[in-house]
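Readers should treat all values here as calculations from the given coordinates under stated rules, not as data from a laboratory. These numbers were taken from a predicted model, which means no experiment stands behind them. Methodologically, a virtual Cβ is constructed for each residue, glycine included, from the backbone with ideal geometry; neighbour enumeration extends over all protein chains shown.
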Ligand SMILES: NC(=O)c1ccc[n+]([C@@H]2O[C@H](COP(=O)([O-])OP(=O)(O)OC[C@H]3O[C@@H](n4cnc5c(N)ncnc54)[C@H](OP(=O)(O)O)[C@@H]3O)[C@@H](O)[C@H]2O)c1
């Protein structure tokens, strides 16, 4: 049985939906924190069990009978996040999985300027050490994150952010389709995949033009120094640690950590990836 965690989250949910087009529902299980939120999957014949990466004993039940376990990374950063991933990896090993898959990020590196990418590198180390074959899905930067950064600009028309660099923005739907294809073709990738990215790397200068066209509202990009951005976030009540994590995204982008455009995702999909323009059209309201 293929077990997918995080199936009540945005990416995990779409991975399961795409997997069900390739594999009979009876061969798919999900490990979720709140099974009530996966009732529709249970109704389709998917095995739904409760599992949290903070409860190793519960994971033994959730991962029972697993051939492959796809661990969707948690929505946290730092040691707590890596510790939860280690617990999930140990749970998959204990369940006897033949392969463990993990949603990493294209910038995963111990020397990344972005905390999440250092966490992904630490998790990949744990995967290398676990003794079970693994596939680390080096996902491109979510295009939804770009849309998120644009939310204040929808009202103000001003994209006020630190200096950035080109980012190969990638759609959840494409990453989900790729994960499902890789799960259904066990062992297609060994270790970290090539970066699974959209077809173009864009800066916020470029994005301002795209967002202007998509929303019908003129959006102007202004660069703020990191220190001023930090103060702005503090003024909005953003905790200092979260502010540093956000600044890390821009520092990493400036260093080119998310700039690579790679054809692997497109090859897996058998078509061009969804563009940032399409994601913004879906995510941003028109003026
Ligand atoms: N590639 C990128 O650019 C990028 C950008 C942002 C985030 N990410 C990573 O990609 C992941 C998936 O993205 P997403 O959009 O699907 O995020 P999401 O909707 O926030 O989903 C996160 C999932 O993690 C689950 N989770 C959190 N803590 C858990 C725990 N202790 N045990 C088991 N499951 C736990 C959540 O469970 P519930 O459904 O119960 O809340 C949720 O299903 C994120 O969590 C993050 O690690 C990647």
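Quick look at the numbers
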read-out	value
Taking the convex hull of Cα positions in segment 130-178, its mean projected area over all directions (nm²)	5.5
Percent RCO, i.e. relative contact order, over the chain, from Cα pairs under 8 Å lying at least 6 residues apart	19
Between helix 10-19 and the chain: long-axis angle, C-alpha atoms, 0 to 90°, nearest 10	50
Mean residue ellipticity (222 nm) of the chain, computed from DSSP H runs ≥ 4 via -39,500 (n - 2.57), nearest 500	-14000 deg cm²/dmol
Average projection area in nm² (convex hull over Cα atoms of segment 39-117, one quarter of hull surface)	6.1
Computed P(r) (all Cα pairs; segment 151-218; 5 Å bins; percent)	3, 13, 17, 18, 15, 11, 9, 8, 5, 1
Exposure proxy ranking, count of Cβ atoms within 10 Å, fewest first, for 274, 15	274, 15
Between 0 and 90°, nearest 10: helix 204-215 axis offset from the chain longest Cα axis	90
Fewest-first sequence of 276, 269 by Cβ atoms within 10 Å of each Cβ	269, 276
Centre separation in Å (Cα based) which lies between segment 239-286 and segment 193-233	10
Evaluated at q = 0.07, 0.12, 0.14 Å⁻¹: base-10 log I(q)/I(0), Debye formula over Cα of the chain	-0.26, -0.78, -1.03
Enclosed volume per residue, in Å³, of the convex hull spanned by Cα atoms of segment 1-93	80
Rounded to 10°, Cα long-axis angle of helix 143-156 versus longest principal axis of the chain	30
Extension gain from residue 163 to residue 43, taking 0.36 nm per residue of separation minus the Cα-Cα distance	38.4 nm
Fully extended contour minus Cα-Cα distance, from residue 190 to residue 232, at 0.36 nm per residue	10.8 nm
FRET efficiency, residue 17 to residue 209 (Cβ-Cβ, R0 25 Å, nearest 0.05)	0.15
Exposure proxy ranking, count of Cβ atoms within 10 Å, fewest first, for 81, 117	81, 117
For segment 83-123, Kirkwood radius (reciprocal of mean inverse C-alpha pair distance, Å)	11.0
